[in-house]
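First comes the structure, then the notes that go with it.
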Amino acid sequence: MLIQNASWIKMKDAASTVVPVFRKTFRTDRAVKAASLEVTCDGVYEASLNGKRVGEFILAPGWTQYNKRLQVQCYDITDLVKKDNTLDIIVGNGWFRRTNAPWTGTKNPDEFLPAMLIAAIHIIYADGSEKVIPTDESWQVSESSITLSGIFIGEDIDMTKEPAFEAAQVTDYPKNILIPQEGPEVREQEHIYPKSSFRTPKDEWVLDFGQNMTGYMYFEMDAHKGEKLSISTAEVLDKDGNFYTGNYRSARSQMHYICREGHQGYKPRLTFFGFRYLRIDEAPKGFSEDNIHAIVLHSEMTRTGWLKSSDPMLDQLFSNTLWSQKGNYLDIPTDCPQRDERYGWTGDGQIFCRAATYQYDVRRFFKKWLADMRAAQYENGWIPDVIPSLTAYKPGGAAWSDAVTIIPWQLYETYGDVSFISDMYDAMKKWIAYIPTVSKTPDLFTGCFTYGDWLALDWPEGYVHENIELSKRGRSNDDLVSSAFYANSVNIVIRIGKILGQDVSEYEDLYERIKAAYRKAFSDKLDTQTEKVLSLHFDLLEDAQPVADALAKQIRDCGMKLQTGLIGTPYLLHELTRYGYSDIAWSLLLRKEYPGWLYSVSKGATTTWEHWDGIKPDGTFWDDDMNSYNHYAYASVADWVFGAACGIRPASPGFAGVLINPHPDKRLTSLSAVLDTVHGRIRSAWKYTQDGIRYEIETPVETEVIIGNIRKTLQRGRYIFGESV
């Protein structure tokens, strides 16, 4: 990369909150054949050449494990180059210099790293000669019209502010962390216009876009110099219909724009928001909802999965799962896009991974994130609970750190790409090797921190014991949860090792010891729904059917309610279906009351919620502290709809072979799933008719189909079957 010959530059004596614009003027005195720009920064940037934006990458250079990996973008600027040129690059704090980022220095904002830039312009002339213009002291810098910017702060802009350029200062910062762009770019994806404009009971002017989303607003208007447009964002309204931002916690999530004279338009350039509603706090005279709309952002991904049913509420749930993936696949898989968090939680990532691979092609997206996981892994083997790792919350959290095995294996199953498992194999083994060094019990994973079955419903709400609020952790035995995931990770390592031609005898012996120890310690103590589900899903029991029967009875006895949290819920419907209780699985999916997947839909949700009762039946909120309305963990149910309700499962990696085993339910007239795999399109649909059930199947490869008690092998093609009921 030519950028290795450039210097990092900064604005002399600038505070970390300053949003500078770096400028380079240059002249081309003969015909240009090609021109490119290599660039990155310690934040997020936007580049423009001769007044036109360079590239479509929003929030470049993206979020990586910055102390080891910082992506460099290379743009073709040939069509933008003129004889006399001005390149401007504005740099904001972004993820790199957010207030809790450990690589920026101390927790004193005044001591954080200032905005820094490194870039190189490469010009190839028609005569074959070349010119490289690297960042150095010949570049200029000024405070920009953006007076405040941050991932949590939003953006403040003063269009009356005049630049005052001075010489940039060369500064010392590592260049060995620079890597070529790996992940897909974050881009503007669609435009959404207000569905309504109204006054709340508090006389707030609010615009409703009808969809919770991740992105920003764009406005265009006429105004006088010095007039101000101030906008706040929110996901929901309170029970009285007023604007509500309590769940954003300390995230300001606002935009304040001071106008210049005349016609003007603007959209935030260095940040993003999670919102459905905008409150117009102040506006120039004549401003209306016609002057503003929303722009959706997410990483570039090709859609691969579609679900459609005869139930409008179920279809809304399918839409919600899709929008939660779009809203949280913003360069990394975040837990939420709105509050002062927006982390790449590993637990949430592995919970939703299968559903994610069915709805979108996420190969490149995860390639980059898994590389950051490897970079963040500690020498002793444990995986941080958030990637990129800002701070090590708790070491070695089972089910969270186990993302190192679960996600690559799922990606291999969906896409058949061996590199996902070969790239991560050493990291997996390091994680497995770490567990015995901290566990209190041989051949199990005990006595160590875990988040447990986070947000399970088997403690009374608000239950506190020994100053610990257990209602957020669930009642499941932490040692059982950790040991179950330990066994699963070892089993994955065995399967991967065999594929890669490795000697896995050591892991096979370990796996047998773990299962034996697990059965001795826990098999007669399976109390909670999650304890039963994990034991079933990871095949840790000698006699599974009685446990599945007990699980079904437990669900019926508590009023056909799930009590599982983040750890148990993704597997619950699968295990019920696997052991002959698909009717209960359907009852849980179609439940409209709390707790149920359709409860949030009944409350107007357009994305999935962090809590089943994020908004309670009386309209009050579950909590201000941790209550996202765009959180994909429970959207993992989409993989059950694809894989069990419609029955599409890979019989071999990448769906090179397919098993289709649908599980229809008469409470639903019809259901269809379409999945574009690397081998072609699969479709599985069923519909209740007067004569029974009609099945429609399309497959690009040899497929085994199970309908009722009939098992058939199909070749590539389209088929229709009937079943009497």
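Read the figures in this text as sums done on the coordinates, not as results from a lab. In this text the structure is predicted, and so the values were computed from the model without any measurement. Cβ coordinates were reconstructed from backbone atoms using ideal geometry, including for glycine residues, and neighbour counts include every protein chain displayed.
Do any trypsin sites (Lys or Arg not before Pro) in the stretch 172-238 lie in a DSSP loop with no more than 12 other beta carbon atoms within 10 Å, and if so, which?
Working: sites: 175, 187, 195, 199, 202, 225, 228; in loops: 175, 195, 202, 225.
Taking the stretch 172-238 and a limit of 12 other Cβ atoms within 10 Å, the loop trypsin sites (Lys or Arg not before Pro) found are 195, 202, 225.
Between the stretch 294-318 and the stretch 474-496, how far is it from one alpha carbon centroid to the other, in angstrom?
What the calculation gives is 32 Å, centre to centre.
Using only alpha carbon positions, build the gyration tensor of the stretch 651-723, then give the equivalent ellipsoid semi-axes as the square roots of 5 times its eigenvalues, largest first, whole angstrom. It would help to have the intermediate numbers written out before the result.
Values: eigenvalues 95, 32, 20 Å².
Sorted largest first and rounded, they come to 22, 13, 10 Å.
For the stretch 196-252 and the stretch 254-268, compute the distance between their C-alpha centroids and round to whole Å.
Taking the Cα centre of the stretch 254-268 as reference, the centre of the stretch 196-252 is 16 Å away.
As a test of the formula, what do you get for the chain when each DSSP H run with n ≥ 4 contributes -39,500 (n - 2.57) and the sum is divided by the residue count, at 222 nm and rounded to the nearest 500 deg cm²/dmol? Walk me through the numbers before you get to the answer.
Details: 13 runs with 169 residues, N = 725.
My calculation for the chain gives -7500 deg cm²/dmol from helical runs alone.
List the residues, sorted by chain then number, that are 5 or more residues from residue 331 or on another chain and whose placed amide H is less than 5 Å from its amide H.
It is 299, by chain and number.
At most 15 other Cβ atoms within 10 Å and a DSSP loop assignment: could you name the trypsin sites (Lys or Arg not before Pro) in the stretch 653-688 that fit?
Working: sites: 666, 667, 681, 683, 687; in loops: 666, 667.
Taking the stretch 653-688 and a limit of 15 other Cβ atoms within 10 Å, the loop trypsin sites (Lys or Arg not before Pro) found are 666, 667.
For helix 505-522, report the angle its Cα long axis makes with the longest principal axis of the Cα atoms of the chain; keep it between 0 and 90° and round to the nearest 10°.
70 degrees
To the nearest 0.05, what FRET efficiency results for residue 710 and residue 380 with a Förster distance of 41 Å applied to their C-beta separation? Mind dumping the intermediate values first?
On the way: r = 53 Å, r/R0 = 1.29.
So the FRET efficiency works out to roughly 0.20.
What's the long-distance tail for the stretch 1-72, i.e. % of Cα pairs beyond 21 Å?
Working: 948 of 2556 pairs.
Cα-Cα pairs of the stretch 1-72 separated by over 21 Å account for 37 percent.
Wrap a convex hull around the Cα atoms of the stretch 585-671, take a quarter of its surface area, and give that in square nanometres. Don't jump to the answer; show the numbers that get you there.
Values: hull surface 27.9 nm².
Dividing the Cα hull surface by four gives the mean projection, 7.0 nm².
Considering just Cα atoms, how many Å³ per residue does the convex hull of the stretch 302-645 enclose? Write out the running numbers ahead of the final one.
Values: hull volume 45.9 nm³, N = 344.
In the stretch 302-645, the Cα hull volume divided by residue count equals 133 Å³.
Starting from the stretch 259-342, pick out the trypsin sites (Lys or Arg not before Pro) whose DSSP state is loop and whose Cβ has at most 12 other Cβ atoms within 10 Å.
Values: sites: 260, 269, 276, 279, 285, 303, 308, 326, 339, 342; in loops: 260, 269, 285, 339, 342.
Here the trypsin sites (Lys or Arg not before Pro) that fit, given the DSSP loop and packing criteria, are 285.
Quick one: Karplus J couplings for the stretch 206-212, per residue in order, coefficients 6.51, -1.76, 1.60, θ = phi - 60°, nearest Hz, x for Gly and Pro?
With the stated coefficients, the stretch 206-212 comes to 10, 10, 10, 8, x, 8, 6 Hz.
Could you let me know the centre-to-centre spacing of the stretch 371-443 and the stretch 676-708, using Cα atoms, in angstrom?
Computed from Cα coordinates, the inter-centre distance equals 36 Å.
Quickly work out the residue 516-to-residue 196 label distance, labels modelled 7 Å from Cα along the C-beta direction, and quote it in nm with one decimal.
6.5 nm
Please give the helix 419-438 orientation as an angle from the longest Cα principal axis of the chain, in degrees from 0 to 90, rounded to the nearest 10.
For 419-438 against the chain, the angle is about 70 degrees.
Could you give the nm distance between label points at residue 316 and residue 36, where each point is 7 Å from its Cα heading toward the beta carbon?
5.0 nm
Charges only on Cβ, +1 for Lys and Arg, -1 for Asp and Glu: so what's the dipole of the chain about the Cα centre, in debye to the nearest 20?
Result for the chain is approximately 1080 debye, rounded to the nearest 20.
Using 0.36 nm per residue of separation minus the Cα-Cα distance, give me the extension gain between residue 498 and residue 165 in nm, one decimal.
Values: separation 333, 0.36 × 333 = 119.88 nm, distance 6.13 nm.
This chain segment gains 113.8 nm when fully extended.
Suppose each label sits 7 Å from its Cα in the direction of the beta carbon; what would the residue 681-residue 656 distance come out to in nanometres?
Label-label distance for residue 681 and residue 656, simple model: 2.4 nm.
Taking the Cβ of each residue in 434, 358 as the centre, tally the other Cβ atoms inside 10 Å and list the residues starting with the fewest. Don't jump to the answer; show the numbers that get you there.
Working: 434 21, 358 24.
Least crowded to most crowded, the residues run 434, 358.
From the residues 343, 405, 174, which one has its Cα farthest along the dipole of the chain in the positive direction, the dipole being from +1 and -1 charges on Cβ of Lys/Arg and Asp/Glu about the Cα centre?
405
Quick one: 420, 219, fewest Cβ neighbours within 10 Å first, how do they rank?
On the way: 420 24, 219 20.
Result, fewest neighbours first: 219, 420.
Let a ≥ b ≥ c be the square roots of the eigenvalues of the Cα gyration tensor of the stretch 188-299; is it rounded (a/c under 1.5), or, if not, prolate (a/b larger than b/c) or oblate?
Details: a/c = 1.60, a/b = 1.23, b/c = 1.31.
In terms of gyration-tensor shape, oblate.
Under the Kirkwood approximation applied to all pairs of distinct alpha-carbon atoms, what is the hydrodynamic radius of the chain in Å? Please list the in-between numbers first.
Values: mean 1/r = 0.0365 Å⁻¹.
About 27.4 Å for the chain.
What angle, in degrees between 0 and 90 and rounded to the nearest 10, separates the Cα long axis of helix 569-578 from the longest principal axis of the Cα atoms of the chain?
Compared with the principal axis, the helix lies near 30 degrees.
Among 352, 209, what is the fewest-to-most ranking by other Cβ atoms within 10 Å?
Numbers: 352 31, 209 22.
By the 10 Å Cβ count, ascending: 209, 352.
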